[in-house]
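Please read the structure below before turning to the comments.
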Amino acid sequence: MYEELTCFKAYDIRGEIDININEEIAYRVGRSVAQHFNSKSIVVGFDARKTSPDFAKAVGQGIMDAGSNLIDIGLAGTEEMYWAVSNFSASAGIMVTASHNPINYNGMKIVKSGSRPLDDYEDFKVIKNLAETEKWTKTDNKGSHLDYSDEARSDYVTKVMSFVNRNELKPLKIVINSGNGAAGPTFDAIEKKLNTNYPKIEFVRVDHIPDSTFPNGIPNPLLLENHHKTADIVKNTGADFGVAFDGDFDRCFFFDETGKFVPGEYLVGLLATIFLEKEQGATIVHDPRVIWNTQDIVSQKGGKAEQSKTGHAFIKQTMRKHEAVYGGEMSAHHYFRDFAYCDSGMIPWLLVAELVSKKNQSLGDLVKNRVSSFPSSGEINFKVKDADSSITSVLENYRTEAKTLDEMDGFSLTIDDWRFNLRKSNTEPLVRLNVESKGTSINLDDQVKKISNLLKSAS
């Protein structure tokens, strides 16, 4: 008999330190990943959390004990690990990070060759079983520790910069809030190359230095209570826009020139515009939660919109299937075909800087008409006793009115000029609601209130 490792979640590993995750488990994960993929080499990076360097060291030891080489990229962002796997033709990659989870948590994100997500049954569950049973193949050969931190960072910066034409950039002032996470050093490397022999862009750095104590709170810019700091500095400095990163910076969040938060669904449409102007007829992938703005832009620009189930593995799979140039989720994950179909938090702000420069318009002006044409509620979470019965109650109420019903990810119902998506959280006892409309003929607040009351009464 063996104890189940509860830190293995739906598609990644995370847990409370010394409760359900520790260095021993990290070692077991590293060794199991190396064995499963019969790896020649595996990339390992880590974020700014206090336990992350030691966890990464344990992961690396497991990899080398399995006979595989460790490609160590040091303190990095998840996207740097993604790119290094493809760039160095590694068999897999492991990023030690807990992203925006509480300070007493840590975890790991894993990809296989080509920076592809793990298959649930063929990969993830097999690795979990190996880590639990420790049924490892004995080997007398030990792998080597290869410090690729400088080379990985340099190659990554070159790749990220290839997405923009620096000649198009005008002098701008941009606020960058790293939240004391891992973003700071990587951003500095990008900025150094960006401003060499080209028009100077002024950056206002906020909470820039990685700090494992997170003196300004865990970096999770999606939370409303975390908006004010970036917003205030944008307003006080007269910046053109602001960007805030989460802890491992695979997500970035935007604030316009007035300090107003720009919801992720409108950024998806904006980035879709950029790529469709560069590549006529390209395919854009979006999630099912908020769709009308993106679909309208893609149609206007002569592209093709493909819908995917929410989640990085599903988005990447759909993008690969259709060779989509870009994929975006309203949760601020942005994926790029020419970045090994992976998500990046650094590429989007560079693209937005280029677009603002080329259009000679502010970020606020670029999204203003889209917001008024396709208002949305933003994602609203409800704590419920029974998610299934709560959702059923809402469906029964609207089913007869619905023009269409889409069950790709939860339930999406279209009712005349408005629609909503209702789905269960994969990890928490929550129901997530998104409502959107065409124009202002429908009062979104009224619809949100009605659905909220139905959910509350059912629970």
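Which whole-angstrom value gives the distance between the alpha carbon centres of the range 68-91 and the range 412-459?
Between the Cα centres of the range 68-91 and the range 412-459 lies a distance of 40 Å.
Take the range 109-198, compute every pairwise Cα distance, and split them into 5 Å bins from 0; I just need the percent in each bin.
2, 9, 12, 15, 15, 12, 11, 10, 6, 5, 3, 1
I'd like the Karplus ³J(HN,Hα) series for the range 195-200: coefficients 6.51, -1.76, 1.60, θ = phi - 60°, whole numbers in Hz, and an x wherever there's a Gly or Pro.
Result, ordered by residue: 9, 7, 6, 9, x, 6 Hz.
Taking every Cα atom in the range 13-148, find the radius of gyration and the maximum pairwise distance Dmax, and write them in Å.
13.2, 40
Using only the Cα atoms of the range 160-267, what do you get for the radius of gyration and for Dmax, in Å?
13.6, 40
At q = 0.10, 0.11, 0.16 Å⁻¹, work out log10 I(q)/I(0) for the range 304-459 with the Debye formula, treating every Cα as an identical point scatterer and leaving solvent out; two decimals please.
-0.45, -0.55, -1.05
When you take every Cα atom in the range 263-343, what is the radius of gyration, and what is Dmax, the widest Cα pair distance, in Å?
Reported Rg and Dmax, both Å: 10.7, 28.
Whole Å is fine, so just give me how far the alpha carbon centre of the range 305-357 lies from that of the range 192-230.
For the range 305-357 versus the range 192-230, the Cα centre distance is 22 Å.
Based only on other Cβ atoms within 10 Å, what is the fewest-to-most ordering of Met161, Met95, Met64?
Met161, Met64, Met95
Go from 0 up to the bin containing the longest alpha carbon distance in the range 380-458, width 10 Å each, and give me the % of pairs per bin.
19, 56, 23, 2
Using the alpha carbons of the range 1-89, what is the convex hull volume per residue in cubic angstrom, as a whole number?
106
Which three extents, in angstrom, do the Cα atoms of the chain have along their principal axes, listed largest first?
Reported extents, whole Å, longest axis first: 71, 59, 43.
Kindly provide the helix-only [θ] at 222 nm of the chain, computed as the sum of -39,500 (n - 2.57) over DSSP H runs of four or more divided by all residues, to the nearest 500 deg cm²/dmol? Show your work: numbers first, answer last.
Details: 14 runs with 169 residues, N = 459.
So the calculated ellipticity at 222 nm is -11500 deg cm²/dmol.
Beyond a 27 Å Cα-Cα separation, which of these cross-linked pairs lie in this structure: Lys9/Lys316; Lys192/Lys229; Lys9/Lys385?
Beyond 27 Å: nothing from the list.
Please arrange Glu168, Glu79, Glu132 by counting, for each residue, the other beta carbons lying within 10 Å of its beta carbon, fewest first.
Fewest-to-most ranking of Glu168, Glu79, Glu132: Glu168, Glu132, Glu79.
Find the Cα radius of gyration of the range 214-273, compare it with 2.2 N^0.38 Å by division, and give the number to two decimals.
1.11
With only Lys, Arg, Asp and Glu charged, each at its Cβ (+1 for the first two, -1 for the last two), find how big the charge dipole of the chain is about the Cα centre; round to the nearest 20 debye.
Dipole magnitude for the chain comes out near 640 debye.
Could you give each residue of the range 313-326 its phi-based ³J(HN,Hα) in whole Hz, using Karplus coefficients 6.51, -1.76, 1.60 with θ = phi - 60°, and x for Gly or Pro?
Values per residue, Gly and Pro as x: 5, 5, 4, 5, 4, 5, 4, 5, 4, 9, 6, 5, 6, 8 Hz.
Values in this text are rule-based calculations from the coordinates and carry no lab data. Just so it is clear, the model here is predicted, and its values are computed rather than measured. Cβ coordinates were reconstructed from backbone atoms using ideal geometry, including for glycine residues, and neighbour counts include every protein chain displayed.
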